[in-house]
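Asks: Got a structure for you, questions after.
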Amino acid sequence: MDQAERLRNRIRENERAATKQLLSNARVITVTSGKGGVGKTSLSVNLALQIQRLGKKVVIIDADFGLANIEVMLAIHPQYNISDLIYKNMDIEDIVTKGPEGIGFISGGSGVDELANLSQENLRIFLSKITKLDKIADVIIIDTGAGIADAVQEFILCSPEVMIVLTPEPTSTMDAYALLKILNRRKDFVATDKVIHVVSNRVSNDKEGQTLFQNISIVASQFLNMNLSYMGCINHDNNATKAVLKQQPVSLLFPNSAFAKSTERIARQLLDYEEENQAGFVGMFLNILKYRKSR
């Protein structure tokens, strides 16, 4: 290969790299659970912190509409939410509230219900604005409500990556399986289009966490033909309760605690896993609109 050919190859490689950079979308991870009170929001916030510490820009979206769990946990009160992009003519940078260590936070407000009926022109404006979110964030964590509500199902259906949080309570596994079962019955649910991670929270030891995962994984595989991915466990840690009472993330208040170490491990494992189907937040929102119109 002569010098001219090597130069041409280098130019082509640079062009491919530039194109990939231009077209790259944020990685969207939807965190959910079958029942409330399993530590889903705490995991979302601390996972965001740990991923941010590993060099990725993270934005959390509070999609537990009607509640403000992330606001309470971070002790911050955002002035704006997603709907303000249209109704108050704001830009995406205006509605992202800065959280600890640089993580971003967006309040979902009253949800996407009111946005589903936008005119074509307003929808075009809205989409052009949220496109920027895929450029300012490497990872977007969506904290949903718990249970089988339509809004929860929609976020799971439209997200290429889902994380289900379990605890040793029997109702936690039962409700999580019920959620998977309901999703599996839907014609618009394609299990192979997404990766479903499982995190065992508040367990006594690693063995209990593994057993918890196996219990739901076996029945999901046998009866739903669904493969689940184990992300690891978080052992019961009193520091988690203390941090919630002080309205600070555990990873910030007790960085050397068992909880913080576990979420760091899960964050590293997540980043080691390459998710290829990255449609970004824009792609996710378009899918939600499509599902709503088809109902």
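The values are calculated or read from the model by the stated rules, or taken from the named source; none is laboratory data. Here the structure is a predicted model, which is why all the values come from computation and not from measurement. Positions of Cβ are generated from backbone atoms using ideal geometry, with glycine treated the same way; all protein chains shown enter the neighbour counts.
Asks: If I go through segment 210-247 residue by residue, how many of them are in contact with a strand residue (DSSP E or B) (Cβ under 8 Å, 6 or more places away or on another chain) and either of a type in the set (Ser, Thr, Tyr) or at positive phi (or both)?
Replies: The number of residues fulfilling the criteria is 5.
Asks: For residues that are among the hydrophobic types (A, V, I, L, M, F, W, C) and closer than 17 Å to Lys135 by Cα, scanning just segment 52-89, find the one that is surrounded by the most Cβ atoms within 10 Å (Cβ to Cβ).
Replies: Checking each candidate, the answer is Ile60.
Asks: Further, regarding this structure: For segment 170-195, how many residues meet the condition of being closer than 21 Å to Phe213 by Cα, without any contact (Cβ under 8 Å) to a residue 12 or more places away in the chain and in a loop (DSSP other than H, G, I, E, B)?
Replies: Selection size over segment 170-195: 0.
Asks: So which residues in segment 27-63 are assigned to a strand (DSSP E or B) and among the small types (Gly, Ala, Ser)?
Replies: Ala63
Asks: Still on this structure: Here is a list of conditions, (1) closer than 29 Å to Thr241 by Cα; (2) hydroxyl-bearing (Ser, Thr, Tyr); (3) without any contact (Cβ under 8 Å) to a residue 40 or more places away in the chain, and Thr167 meets all of them except one; can you say which number that is?
Replies: Among (1) closer than 29 Å to Thr241 by Cα; (2) hydroxyl-bearing (Ser, Thr, Tyr); (3) without any contact (Cβ under 8 Å) to a residue 40 or more places away in the chain, Thr167 violates only (3).
Asks: Identify the residue in segment 175-225 that is of a type in the set (Lys, Arg) and in contact with a Pro (Cβ under 9 Å, 6 or more places away or on another chain) and, among all such residues, is surrounded by the most Cβ atoms within 10 Å (Cβ to Cβ).
Replies: Arg202
Asks: Next question. Can you name the residue in segment 161-202 that is of a type in the set (Val, Ile, Thr) and touching a Leu at 6+ places or on another chain (Cβ under 7 Å) and is also nearest to Val31 (Cα to Cα) among such residues?
Replies: Val165
Asks: Checking the structure you have, find out if any residue of segment 138-152 is closer than 30 Å to Leu253 by Cα, among the acidic types (Asp, Glu), in contact with a strand residue (DSSP E or B) (Cβ under 7 Å, 6 or more places away or on another chain) and not in a loop (DSSP other than H, G, I, E, B).
Replies: Scanning segment 138-152 turns up at least one residue that is closer than 30 Å to Leu253 by Cα, among the acidic types (Asp, Glu), in contact with a strand residue (DSSP E or B) (Cβ under 7 Å, 6 or more places away or on another chain) and not in a loop (DSSP other than H, G, I, E, B).
Asks: Go through the residues of segment 249-263 one by one and say whether even a single one is part of a helix (DSSP H, G or I) and aromatic (Phe, Trp, Tyr).
Replies: Yes: one or more hits.
Asks: Among (1) touching a strand residue (DSSP E or B) at 6+ places or on another chain (Cβ under 8 Å); (2) charged (D, E, K, R); (3) without any contact (Cβ under 8 Å) to a residue 60 or more places away in the chain, where does Lys207 come up short?
Replies: Evaluating Lys207 over (1) touching a strand residue (DSSP E or B) at 6+ places or on another chain (Cβ under 8 Å); (2) charged (D, E, K, R); (3) without any contact (Cβ under 8 Å) to a residue 60 or more places away in the chain leaves (1) as the failure.
Asks: Can I ask one more? Tell me whether segment 262-272 contains one or more residues that are surrounded by 13 or more Cβ atoms within 10 Å (Cβ to Cβ), of a type in the set (Asp, Glu), modelled with pLDDT of 95 or more and touching a strand residue (DSSP E or B) at 6+ places or on another chain (Cβ under 8 Å).
Replies: Checking segment 262-272: not a single residue is surrounded by 13 or more Cβ atoms within 10 Å (Cβ to Cβ), of a type in the set (Asp, Glu), modelled with pLDDT of 95 or more and touching a strand residue (DSSP E or B) at 6+ places or on another chain (Cβ under 8 Å).
Asks: To continue, here is another question. Just to verify a result, which residue in segment 95-131, among those that are among the aliphatic types (A, V, I, L, M) and in a helix (DSSP H, G or I), is modelled with the lowest pLDDT? Step through it out loud before you land on a result.
Replies: Restricting attention to segment 95-131, the residues satisfying the condition of being among the aliphatic types (A, V, I, L, M) are 95-96, 103, 106, 112, 115-116, 118, 123, 125, 127, 130.
Then drop every residue that is not in a helix (DSSP H, G or I), which leaves 95, 123, 125, 127, 130.
Working: Ile95: 93, Leu123: 78, Ile125: 83, Leu127: 81, Ile130: 86.
In this case the residue turns out to be Leu123.
Asks: Taking only segment 80-94 into account, find how many residues are in a helix (DSSP H, G or I) and either more than 24 Å from the chain's Cα centre (by Cα) or at pLDDT 90 or above (or both).
Replies: Looking only at that region, the number is 4.
Asks: Name the residues in segment 216-243 that are farther than 26 Å from Cys158 by Cα and either without any contact (Cβ under 8 Å) to a residue 12 or more places away in the chain or in contact with a helix residue (DSSP H, G or I) (Cβ under 8 Å, 6 or more places away or on another chain) (or both), would you?
Replies: Selection gives Ile234, Asn235, Asp237, Asn238, Asn239, Ala240, Thr241, Lys242, Ala243.
Matching residues to (1) at pLDDT 95 or above; (2) under 30 Å from Ala75 (Cα atoms); (3) not in a loop (DSSP other than H, G, I, E, B):
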site	(1), (2), (3)
Val198	yes, yes, yes
Arg202	yes, yes, yes
Ser221	yes, no, yes
Gly232	yes, yes, yes
Ala243	no, yes, yes
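Asks: Here is a follow-up. With the requirement that a residue be more than 23 Å from Val190 (Cα to Cα) and either among the acidic types (Asp, Glu) or free of Cβ contacts under 8 Å to residues at least 12 places away in the same chain (or both), what does segment 136-157 give you?
Replies: The one that is more than 23 Å from Val190 (Cα to Cα) and either among the acidic types (Asp, Glu) or free of Cβ contacts under 8 Å to residues at least 12 places away in the same chain (or both): Asp138.
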